[in-house]
1. Determine the sum of side-chain charges near Leu66: Lys and Arg each +1, Asp and Glu each -1, restricted to other residues whose C-beta is under 14 angstrom from that of Leu66.
2. Starting from the Kirkwood radius over alpha-carbon pairs of the chain, derive D by Stokes-Einstein at 25 °C in a medium of 0.890 mPa s and give it in µm² s⁻¹.
3. If I take the Cα coordinates of segment 1-104 and project them onto the principal axes, what are the three extents in Å, biggest first?
4. For helix 61-76, what angle does its Cα long axis make with the longest principal axis of the chain, in degrees from 0 to 90 and rounded to 10?
5. How would you order 49-62, 143-156 from highest to lowest mean count of nearby Cβ atoms within 10 Å?
6. Take Thr175 and Lys75, extend 7 Å from each Cα along the Cα→Cβ direction, and tell me the distance between the two endpoints in nm.
7. Can you send over the carbon and sulfur percentage of the accessible area for segment 163-227, probe radius 1.4 Å, protein chains only?
8. Pop out the ³J(HN,Hα) list for segment 123-132 in order, Karplus 6.51 cos²θ - 1.76 cosθ + 1.60 with θ = phi - 60°, rounded to Hz; leave Gly and Pro as x.
Amino acid sequence: MIGTLFNCIMILAGSTIGSLFKKGIKDEYQEALMQAMGLAAMALGINAIVQYLPSSNYPVLFIVSLAIGGLVGQKLNFDRRFNEIVNKFSKGNLAEGLSTAILLFCIGSLSILGPVEAALKGNYTYLITNGILDGITSIVLASTFGFGISAAAIVLFLWQGFFYVGAKFIENFLTADLLAEISIVGGVLILSTGLSILGIKKFKTLNLLPALLLPFIVFLFINIFNL
């Protein structure tokens, strides 16, 4: 878990630095940072989709995942529950920033393969690389949304911890095909987050999170019945 701890520390450090910058940044500059973050999120989302969709063996799966996941998420209304919890402790748009941070930090191949590589091979390269990237991202996010962004480190620790602990059980299950499908869905979620930040269209992205589980379920079904 050393690599995951490094990743979390980088987020905490970046959030601290960014929150210090926030105090001296004028509103127009904060707006510029928001626009930059929105564009960056859109670019990362599009990149994931373009990178993995051509190699997908199940090109319709991400559509089905988003549809079913969206219905489940809307029923459970994760977005409203999340906003209610965050707003109890903070005012302003922290909920939007924190949901963005969680998606950017957790939904990516480095954040999934990193803990698996660390657990099985003692290779921390992915996690260290991911930690540096997350540290830089958290500086930008915290300079816009404040130190509350650091709470994403807790979610990241639990997320990567799940893959680290379960590495021996999911090593053969976590194939390149499954990772591609997860990355496509994750790319769409990050893209929707970018559109929301830019104010182009407000999406309740958190309500789409169950869509990430559908590829796992489908591939588990395929493995069980050897389809």
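The values are calculated or read from the model by the stated rules, or taken from the named source; none is laboratory data. Source: prediction; values computed, not measured. Note that we place each Cβ from the backbone using ideal geometry, even for glycine, and neighbour counts take in every protein chain shown. We work out accessible area using only protein heavy atoms, side chains counted, and drop any ligands, DNA or RNA first. Shrake-Rupley method; radii C 1.70, N 1.55, O 1.52, S 1.80 Å.
1. Surrounding charge for Leu66 is 0.
2. Details: Rh = 17.9 Å.
It comes out at roughly 137 µm²/s.
3. Principal-axis extents of the Cα atoms in segment 1-104, largest first: 49, 37, 31 Å.
4. Taking Cα atoms only, the helix is inclined about 60 degrees.
5. Final packing ranking: 143-156, 49-62.
6. About 2.9 nm, to one decimal.
7. 69
8. In residue order, the calculated couplings are 9, 9, 4, 4, 5, 5, 4, 5, x, 5 Hz.
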